[in-house]
Structure formats: C-alpha cells, structure tokens
Amino acid sequence: MSSLLEARDLVKHFPLKGIRAWLSAMGGGARPAVRAVDGISLRLAPGETLGLVGESGCGKSTVARCLLRLIEPSAGRILFDRTDLSALPDEPLRRLRRDLQMVFQDPNASLNPRLTVRRTVDEPLRLHTTLTTAERQDAVREVLDRVGLGPELLHRYPHELSGGQRQRVNIARAIATRPRFVILDEPTSALDVSLRAKIILLLDDLRTRLGMTYLFISHDLATVKYLAHRVAVMYLGTIVEEAPTRELFSKPLHPYTRALLSAIPIPDPDAKRERLILAGEVPSPIDIPTGCRLRTRCPLAQPVCAEPVGLREVTPNHFVACHLV
C-alpha cells in the first residue's frame, strides 16, 4: 500500500521539571519524563481516513501535533509523500503547510476573536498562495459555500456565530488551500448531538470531493465507525490494535479494544451485551508498567503479560499487541 503520510517509531517525551526531577537526579535515577507518545507507527494511504481512538490522556492529540511539527518529536521519523518532515528546515516546512492542515477540537479557542470570517479564511490563502486579493476574495466565498455558509457571514466575528457555524469556519480555513492531509482532532466533541451528525457528513463529503486524507482523532467510537476506513487503538502512548474498521468492530482482539466497544450504548433497552470492565485508573505516563501496559487493569492478565509485547499481524491487515491473542 502506497502511503501519503507515515510515522515511524514516533516518540514524544516531556521532561519533568521541579522537585520531582531534582529528587530523581539526587537518587542517581534517570530524569523522569511524561512518556506521552512512546514509539508508535502509523501509515495513511492517499484518500483514506484513519481513526485514532483511545481514552482522554492517552496521547492522541500529542501525536497530531508531532505529525504536523507543531511540537517537535523526541525521536522517530515522519514522512509526507516521501519527504522527511522530521528533518525538514523551517522554510521548506512552511511551504508544505498548505498541504498539511488541522481542525482543532474547540471552535471557540481556535478562532481569533478579532478577525472576521472573511479574514480568518483568507489568512492561509494569503500566506500559502500567490493569488491576488480579488482571487482570494472569490476563493473565500467558494470555500464558505462548500462548508454550507453563506456570504452574509463574511463580515461577522466569532462571537456572532453559533457553535456549528464556528466549526464550519474552522473547516473552511483548513481546506482553503486544498490540503492533501488534514488532521481532525475531535472536531465534534464541543458540539451538541444534532450538529455532530451534520459536521461529520460534511467532512466525509469534503474528503470525497476534494480527495483529501484524514487522521480522525476521537473517543466517539460510533462516529469513527461511520467515518474511518481503518482504526488504530491507542493506550498509554502506544498502539495496541489496528485493523480495517469493519473487522475491528466485529472481531476486536485486544482486551482494551473489547472494553471500549463493550461500553458503547445500545439504543435497544432490551438488548444485552457482555461487558469487559477494566479495573482501576490509567497508570501515570511517568511510571508506565513493564510488558503490556494494560496488564495492571486487565481482568484477563497472565504472568506472561509482564513480558515485552509489540504489534504483530495476526490476520491480514489486523495487528494486535497482546500475548493472549
């Protein structure tokens, strides 16, 4: 499978500062760090959507920011159309920004309150294209129409828009330069249920019409099931399972994936489902368990789970990191 974007052994550790780090150094130990992303690999083919799911705090958003080099990875490689982003100087990276965009989780925080809708959507066109002012004005109107917003909103400010309109402006800004790769970082989590469905349908339509590739980050598995072609399940900084969407939802192999899927509400009050309950809390990313990282919570854990484990292909295109599979 040819890839548009690929991450190889991506790592992002945040060194701790203050008294805890000082005490560790005094004791002769290694300097403690938050191991937010701890050696993951991802591959996205042109035109596909990869869903990245997991509990809050597992490292999903850190992966997104590393892939676009909004923060610098601690280790690993990031390849975009065979260009190594991880080693790219600032100026060539800036030129690539038109192909690499992101829709953030909170539409309120990600819009500049001092910019009108027109100026917000025009900004990436001004920075990354050679269009004239008149051409950019036409492009802004066109992209707003694509996301379902009329020209009457051009001169409004974010506080004059509804939540759904603000997120559509965010999407318009992200797709204004016709990017090839877009990261969607929980783009519907701040919206109510009726608006979520409309935004998801819009995103799927835009991907088809414009030929974009998505990394869709979410903890809403029902939405991921609809939008994604493949799903990668993340736990405590690592990928524990990856498979085509239909197979992962019908035949989950890792206990963590099974626990996530068993928690999805069923609309039928008479329907019954066997729940797999995880014990306790997610361990600290500063002090991660050895071997399988889920073993301290997993009801199926065995002594072998204390041994190192990595992703392996158990059926075609279905990868899992579990000793018991």
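Figures for the structure shown
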{"item": "Among residues of region 240-256, those that are within 16 Å of Glu313 (Cβ to Cβ) and buried (at least 24 other Cβ atoms within 10 Å of the Cβ), counted", "result": "6"}
{"item": "Lone qualifier among Leu278, Leu300 - being part of a loop (DSSP other than H, G, I, E, B), in contact (Cβ under 8 Å) with a residue 40 or more places away in the chain and in contact with a helix residue (DSSP H, G or I) (Cβ under 6 Å, 6 or more places away or on another chain)", "result": "Leu300"}
{"item": "Test set (1) of a type outside the set (Asp, Glu); (2) out of contact with any helix residue (DSSP H, G or I) (no Cβ under 6 Å at 6 or more places or on another chain); (3) in contact (Cβ under 8 Å) with a residue 12 or more places away in the chain - Val53 fails condition number", "result": "(2)"}
{"item": "Residue list for region 124-158, filter: among the basic types (Lys, Arg) and farther than 21 Å from Asn108 by Cβ", "result": "Arg126, Arg136, Arg141, Arg146"}
{"item": "Positions within region 92-116 being touching a His at 6+ places or on another chain (Cβ under 7 Å), surrounded by 16 or more Cβ atoms within 10 Å (Cβ to Cβ) and more than 18 Å from Glu160 (Cβ to Cβ), in sequence order", "result": "Arg98"}
{"item": "Tally, over region 145-162, of residues that are in a helix (DSSP H, G or I) and surrounded by 15 or more Cβ atoms within 10 Å (Cβ to Cβ)", "result": "3"}
{"item": "Residue match in region 75-88 (condition: assigned by TED's automatic domain parsing to the domain that holds Gly211, small (Gly, Ala, Ser) and at pLDDT 95 or above)", "result": "yes"}
{"item": "Count of region 82-133 residues which are in contact with a strand residue (DSSP E or B) (Cβ under 7 Å, 6 or more places away or on another chain) and assigned to a loop (DSSP other than H, G, I, E, B)", "result": "2"}
{"item": "Region 289-325: number of residues that are surrounded by 16 or more Cβ atoms within 10 Å (Cβ to Cβ) and among the β-branched types (Val, Ile, Thr)", "result": "3"}
{"item": "Test: residue in region 297-309 that is of a type in the set (Val, Ile, Thr) and either closer than 19 Å to Gly59 by Cβ or assigned by TED's automatic domain parsing to the domain that holds Ala36 (or both)", "result": "yes"}
{"item": "Index of the failed condition, Gln137 passing every other in (1) over 23 Å from Arg230 (Cβ atoms); (2) modelled with pLDDT under 95", "result": "(2)"}
{"item": "Condition met for Thr208 (touching a Pro at 6+ places or on another chain (Cβ under 9 Å) and either more than 28 Å from Gly39 (Cα to Cα) or surrounded by fewer than 21 Cβ atoms within 10 Å (Cβ to Cβ) (or both))", "result": "no"}
{"item": "Test: residue in region 261-275 that is modelled with pLDDT under 95 and outside any loop (DSSP other than H, G, I, E, B)", "result": "yes"}
{"item": "Residue match in region 117-124 (condition: out of contact with any helix residue (DSSP H, G or I) (no Cβ under 8 Å at 6 or more places or on another chain), surrounded by 15 or more Cβ atoms within 10 Å (Cβ to Cβ) and acidic (Asp, Glu))", "result": "no"}
{"item": "Selection within region 181-195 - more than 17 Å from the chain's Cα centre (by Cα), surrounded by 15 or more Cβ atoms within 10 Å (Cβ to Cβ) and more than 17 Å from Ser110 (Cα to Cα)", "result": "Leu195"}
{"item": "Which listed residue is free of Cβ contacts under 8 Å to residues at least 24 places away in the same chain, out of contact with any Asp or Glu (no Cβ under 8 Å at 6 or more places or on another chain) and not small (Gly, Ala, Ser), from Thr62, Thr83", "result": "Thr83"}
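Each row is one residue, and each column tells you yes or no for (1) surrounded by 14 or more Cβ atoms within 10 Å (Cβ to Cβ); (2) outside any helix (DSSP H, G or I); (3) aliphatic (A, V, I, L, M).
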site	(1), (2), (3)
Glu55	yes, yes, no
Arg65	yes, no, no
Arg69	yes, yes, no
Pro73	yes, yes, no
Ile78	yes, yes, yes
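The values are calculated or read from the model by the stated rules, or taken from the named source; none is laboratory data. From a predicted model like this one, the values you see are computed outputs, not experimental measurements. Cβ sites come from the backbone with ideal geometry, for glycine too, and all protein chains shown count toward neighbours.
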